[in-house]
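Notes follow once the structure below has been shown.
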Ligand code: SF4
């Protein structure tokens, strides 16, 4: 399986997104603590690692840990807001260290909307400069976006503008907003979309990308809102292929191993033919409404076939529908066996400790909280719960 792990390199950021689900903590990484996590992923037989955050480019040892992970045999990727990556020397240094792929996150190509989402101005042009410099340095560039209440009506405009300016872009990733953690939890009313808010614009965006031969993935969107593109659902792909994901959280959650991709299944799901391969409604945070779900009555086979036969993704070894069905039946029986605890996403007690808290890191965290309190006041948003004020 082509499992990918995530290392949160830092948890602070140079932007102040009101829906950030991974805001600052007192935990920090040294090169040594990151090295242990890379070794952990290698020991698990993982294919790759995503350096994420916070904003990972704020760690001075990022190029060094990228090189270490590449030399250890991992495919190295990064998720960034692009603020620093527009610096061509820095992009070249990361490319030389072994960064193969970067996900630049842009939520809206409309500067005023992006300013409201990011908490600061000027981010769209900086992210676009990052796309250019990363591409010129030989790093493959994908675009990441979080679907939220403010960009829900123009996801298609985002892809058209970006593909128009950067025809080399080949892959887009959307995550529907996770309203269960950090600032996203306390600012749910401002940013959490209804599913119907983005249904049309997401369909237009996916149709445009599909027709132009590009690929895409969508996470936390139930299959009844994915129309003919169900095969692009991240959860469905994981369910079909039986993949897992490890996230090394730089906070008290520490290492979480996720093997179960189902969320909430409502009344409507009992009649739905896609239920076995659907991730359902993202229920953590309690912000999405099950009333919006509607059963689908078409066969799941074409979706499965498209995933297991995908020539661009040969990671699943059973390439015929009959072989998949036999394998899936076994996995379903195992998954339905009673378990003492919910097995889907749990802390891995055998993983190495993620990061450290020191007197200095606590002090830095307190200062960060104080600075962000001012930003919260200025933008009219709430700060995440917890932490010293
Ligand atoms: S009705 Fe339920 S199972 Fe069916 S596609 Fe929607 S969320 Fe998935």
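The values are calculated or read from the model by the stated rules, or taken from the named source; none is laboratory data. In this text, all values refer to a predicted model and were calculated from it rather than measured experimentally. As a convention, Cβ positions derive from the backbone with ideal geometry for all residues, glycine included, and neighbour counts pool all protein chains shown.
Could you tell me which residue of segment 202-214 is surrounded by the fewest Cβ atoms within 10 Å (Cβ to Cβ), considering only residues that are assigned to a helix (DSSP H, G or I) and under 20 Å from the mean Cα position of the chain (by Cα)? Please lay out each step first, then the result.
Restricting attention to segment 202-214, the residues satisfying the condition of being assigned to a helix (DSSP H, G or I) are 202-211.
Subset that is under 20 Å from the mean Cα position of the chain (by Cα): 202-203, 205-206, 209.
Working: 202: 24, 203: 17, 205: 24, 206: 23, 209: 22.
Residue satisfying both the conditions and the ranking: 203.
Please go through segment 180-193 and give me each residue that is assigned to a loop (DSSP other than H, G, I, E, B) and farther than 19 Å from residue 113 by Cα, ordered by number.
Of the residues in segment 180-193, the ones assigned to a loop (DSSP other than H, G, I, E, B) are 180-181, 187, 192-193.
Within segment 180-193, 180, 181 qualify.
Here is a check on your reading of the model: is residue 189 surrounded by 17 or more Cβ atoms within 10 Å (Cβ to Cβ) and modelled with pLDDT of 95 or more?
So residue 189 fails the test.
If we keep just the residues of segment 219-242 that are touching a helix residue (DSSP H, G or I) at 6+ places or on another chain (Cβ under 8 Å) and either outside any helix (DSSP H, G or I) or free of Cβ contacts under 8 Å to residues at least 12 places away in the same chain (or both), which is nearest to the ligand (Cβ to nearest atom)?
222
Among the residues of segment 362-389 satisfying the criterion of being outside any helix (DSSP H, G or I) and in contact (Cβ under 8 Å) with a residue 60 or more places away in the chain, which is farthest from residue 188 (Cα to Cα)?
Step one: of segment 362-389, the residues outside any helix (DSSP H, G or I) are 380-389.
Of the ones still in play, those that are also in contact (Cβ under 8 Å) with a residue 60 or more places away in the chain are 381-385, 387.
Values: 381: 10, 382: 10, 383: 12, 384: 11, 385: 13, 387: 20 Å.
Among them, the one singled out is 387.
Of the numbered conditions (1) within 16 Å of the ligand (Cβ to nearest atom); (2) surrounded by fewer than 22 Cβ atoms within 10 Å (Cβ to Cβ), residue 169 fails exactly one; give the number of that condition.
(1)
Does residue 2 meet the test of being touching a helix residue (DSSP H, G or I) at 6+ places or on another chain (Cβ under 6 Å) and either surrounded by 19 or more Cβ atoms within 10 Å (Cβ to Cβ) or farther than 24 Å from residue 129 by Cα (or both)? Talk me through it step by step, then tell me what you get.
Numbers: touching a helix residue (DSSP H, G or I) at 6+ places or on another chain (Cβ under 6 Å): no; either surrounded by 19 or more Cβ atoms within 10 Å (Cβ to Cβ) or farther than 24 Å from residue 129 by Cα (or both): yes.
So residue 2 fails the test.
Regarding residue 38, is this residue part of a helix (DSSP H, G or I) and over 19 Å from residue 139 (Cα atoms)?
Against the criterion (part of a helix (DSSP H, G or I) and over 19 Å from residue 139 (Cα atoms)), residue 38 qualifies.
Can you find even one residue in segment 123-145 that is assigned to a loop (DSSP other than H, G, I, E, B) and under 27 Å from residue 191 (Cα atoms)?
No, segment 123-145 contains no residue that is assigned to a loop (DSSP other than H, G, I, E, B) and under 27 Å from residue 191 (Cα atoms).
Yes or no: segment 149-165 includes at least one residue that is within 16 Å of the ligand (Cβ to nearest atom), part of a helix (DSSP H, G or I), buried (at least 16 other Cβ atoms within 10 Å of the Cβ) and without any contact (Cβ under 8 Å) to a residue 60 or more places away in the chain. Break it down stepwise before answering.
Restricting attention to segment 149-165, the residues satisfying the condition of being within 16 Å of the ligand (Cβ to nearest atom) are none.
No.
I'm checking my understanding of the structure. Among residues of segment 76-107 that are in contact with a strand residue (DSSP E or B) (Cβ under 8 Å, 6 or more places away or on another chain) and assigned to a loop (DSSP other than H, G, I, E, B), which one is farthest from residue 46 (Cα to Cα)?
Top of the filtered list is 107.
Looking at segment 41-60, which of its residues are outside any strand (DSSP E or B) and under 15 Å from residue 248 (Cβ atoms)?
Residues satisfying the conditions are 41, 42, 43, 44, 46, 53, 54, 56, 59.
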